[in-house]
Structure formats: structure tokens, C-alpha cells
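Have a look at the structure below before the remarks.
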Amino acid sequence: MNVPANTPCYYVTGANGFVGSRLCARLAGLGEVCALLRRPAEGPWGRADRIDLERDAVPADLLHGVDVVIHLAARTHAADLGGGRDEALYRRLNVDGTRRLLECAALAGVRRFVFMSSVKAQGEGGSEPADEAAAPCPSTAYGRTKLEAETMVLRGGHVPEAVVLRPALVYGPGVKGNLERMIAAMRSGFFPPVPDVGNRRSLVHVDDLVSATILAAERPEAPGRAFIVTDGRPVSTREMYVWIRRALGKEVPRWAVPPASLRLVAKAGDAIGRMRGRRWFFDSDSYRKLFESAVFDSTAIERALGFTPEWTLESAMPQLVGGRGPEAGAQE
């Protein structure tokens, strides 16, 4: 790729993932973009390296000439069963893969390393907003391995400038996961009216997360810190339900399923999952994700880096219901 002198070179792992594809499109207007992928894919990058950080050796010269590494590749919490028995699986990519990339960055003299972590490294959250000052207390294999990798990034001394981002649940066109399943079930008429239990959960739109990532890659105030990233508007499951119904052009029922009934179904799902040897579509973990609170405070990144989210889940719901973005999935 022919680029002007002094143009920064960005190296993005997981470049064809849900966040990575959008990030690379934005970075292409700012400098040279290089991509690390597990599978071949077309994209707005001048060079693409096919490497599986979970298994493959990292060439010593991989990051030669790179100014900023943005490390998105991860084994995500989507596969986390919560019991920790798969922790070794998470460590291979989230910890060991990150370590190999950091060592390569040190050899190449990379200036800045931006690590995409998660609020799960902070903990599960609760009804009171948690910020970066709270002592991290992750309860899943995903969260624990992300926190361990954060420590390597920030304190390992591999690069002069290290930054960590901890996004809340990410939404946007093409998103996969519980929100997509909720929308699909409501579109098909198979999702019951959920009750208002007073819970709240923090989220962030993928385009706002991309903006925060670019700020982390560019702003001089960013290095040495971990930042929580949210859209600043925690929402309840009942609000999600109402907004999806409205975006689908469906009436909102005046009744709701009692919480006790949903808990009984979740317990039954636990038993069915144990008998089948794999999770049922609704169990206690699903119930917790739907109805427990997980509120996080992103004031720090707003004040330090000037991050201003443009989206809320309510404003984005029509695009989530009606449109598809780049192919989503677990971050590569």
C-alpha cells in the first residue's frame, strides 16, 4: 500500500469481526491498516496476515513498521458456561496469545498497544454504577483471563504506551447473541411479555465503541489507563422488550409473565441442560442475563479522552430490527 510519509500504521487483530470490520473501515481514512485474521477475508486493509493466535507461532517480524496495535482477537464470553472448567481454553488465546503479541510488539518497537478487554474483567456489576476505581472481581473464565491479559498489557513494560478498554455489552446492526435471539423470537411471536423487575444493564453501540477505540489509539492522555466504555444509558429488559415490539410494528401487551414463572422455567432448563450435556435455550444463566442488573460508569473516558456516545439502544433499535451490518460473531 502506498501511503504518505509519517502516516501511522495500525495493526488490528480480529479485523473481520463485529467490531474489527467497522474499526478498520474508520482507520482506513486515518492511515495504513494491517489485519490479522484466522480466516481469509476481504477488507479495507493493505496487508492481511492469516494467523491463529491460539495455536500459531507469531513471526518475529510481524509488527515491523507498525505504530499502533489494536488487539481485538479473543475467545469471548459467548461460550463461557460460567463454571470455569474451560479456563484453559480461554487462556490459550486471551492470555497466551496476547503475551505472544506483546512480545512481538516489543521486538518491533511498537509505540502504542490498545487492548480490547471487557467489563467482565471488572466484574458482573450490579444496580449501582461500577467504575474503574472499584477493585476488579471477575467471576467467569472469560473475565479472569481478560483481567490477567490487562495486567500484562498495562504493567508488562512491552510497549511505551498501553491502553485498555472495557466495553459493556456491544449492540449494533448484525449483532449476534441474546439480543439477536430476543428480536428473532419476538418477530416470530415466540417471546413472552417480560415483566418490569427494575433491573438495568449498561450497553454500548458498536460505532461508539469504534470511536472510543480510535481515541484510545490517538489521544496522548490515554496510555497507562483502563477505561470502561458504555453509552451512558442503562436499560431494563422491559424497556428492551417495548422498544423491540414498537420497532417491529407490534402492539405492546398490557400483561407480563410473572418473574416466579420465569424462574421456574429457568430451573427446568438447568435440569434439561444437565441431561442433554449442553445448555438449553433458557436456563438460570439466561435468566440472570435478562433480569439482573449490570451497571457501569464510563465517566472517566468521557472526561479524559472526550468520548461522547452518539447512540442509545432506543435510538438504534430500528436499525437493529430492520437492518444488517457486516457479518457479526465472536471477535476473531
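The chymotrypsin sites (Phe, Trp or Tyr not before Pro) found in the stretch 235-316 that occupy coil by DSSP, while having at most 13 further C-beta atoms within 10 Å, are TRP255, PHE281. Would you mind giving the average projected area, over all directions, of the Cα convex hull of the stretch 240-329 in nm² with one decimal? Computed as one quarter of the Cα hull surface, the answer is 9.1 nm².
Summary of the geometry: the stretch 12-30 and the stretch 192-242, compared by the centres of their Cα atoms, lie 19 Å apart. Secondary structure note: in the stretch 117-246, about 10% of the DSSP beta bridges are antiparallel. In the elastic network of the chain, a GNM with C-alpha springs shorter than 10 Å, the most mobile of VAL257, VAL119, VAL159 is VAL257. What is the angle, in °, between the Cα long axis of helix 178-188 and the longest principal axis of the Cα atoms in the chain? Nearest 10 is fine, range 0 to 90. Helix 178-188 and the main axis of the chain meet at about 40 degrees.
Peptide packing for 261-269, 98-106, 14-22 was compared via the average number of neighbouring C-beta atoms within 10 Å per residue; ordered from the highest value, the list is 14-22, 98-106, 261-269. Per-residue ellipticity at 222 nm, computed for the chain from helices alone with -39500 (n - 2.57) per DSSP H run of at least four residues, works out to -10500 deg cm²/dmol. The 3J(HN,Hα) values that the Karplus relation (6.51, -1.76, 1.60; θ = phi - 60°) gives for the stretch 132-143 are, in residue order, 5, 6, 5, 5, x, 8, x, 10, 10, 4, 4, x Hz. Gly and Pro appear as x. Give the distance, in whole Å, between the Cα centre of the stretch 95-165 and the Cα centre of the stretch 270-306. After rounding, the separation between the Cα centres reads 20 Å. Placing pseudo-labels 7 Å out from each Cα toward the beta carbon at ARG187 and GLU292 gives an inter-label distance of 3.0 nm.
Could you tell me how many degrees, from 0 to 90 and to the nearest 10, lie between the Cα long axis of helix 98-108 and the main elongation axis, the longest principal axis, of the Cα atoms of the chain? With both axes taken from Cα atoms, the answer is about 20 degrees. For the chain, a Gaussian network of Cα nodes joined below 10 Å ranks ASP61, ASP208, ASP86 by mean-square fluctuation, and the top entry is ASP61.
Where both partners of a DSSP beta bridge lie in the chain, what percent of those bridges are antiparallel, to the nearest 5?
Details: 2 of 34 bridges.
Counting DSSP beta bridges with both partners in the chain, the antiparallel share is about 5 percent.
You can think of it this way: the chain between ALA28 and ALA134 has 34.6 nm of extra reach, that is 0.36 nm per residue less the Cα-Cα gap.
In the chain, the longest principal axis of the Cα atoms and the axis of helix 259-276 are about 60 degrees apart. Projected over every direction and averaged, the convex hull enclosing the alpha-carbon atoms of the chain yields 16.9 nm².
Just order 39-46, 168-175 by mean Cβ neighbour count inside 10 Å, highest at the front, would you? Write out the running numbers ahead of the final one.
On the way: 39-46: 13.8, 168-175: 22.0.
Those peptides, ordered most packed to least, come out 168-175, 39-46.
The numbers here are math on the coordinates, done by the rules we state, and not lab data. Since this is a predicted model, take the numbers as computed values, not measurements. As a convention, Cβ positions derive from the backbone with ideal geometry for all residues, glycine included, and neighbour counts pool all protein chains shown.
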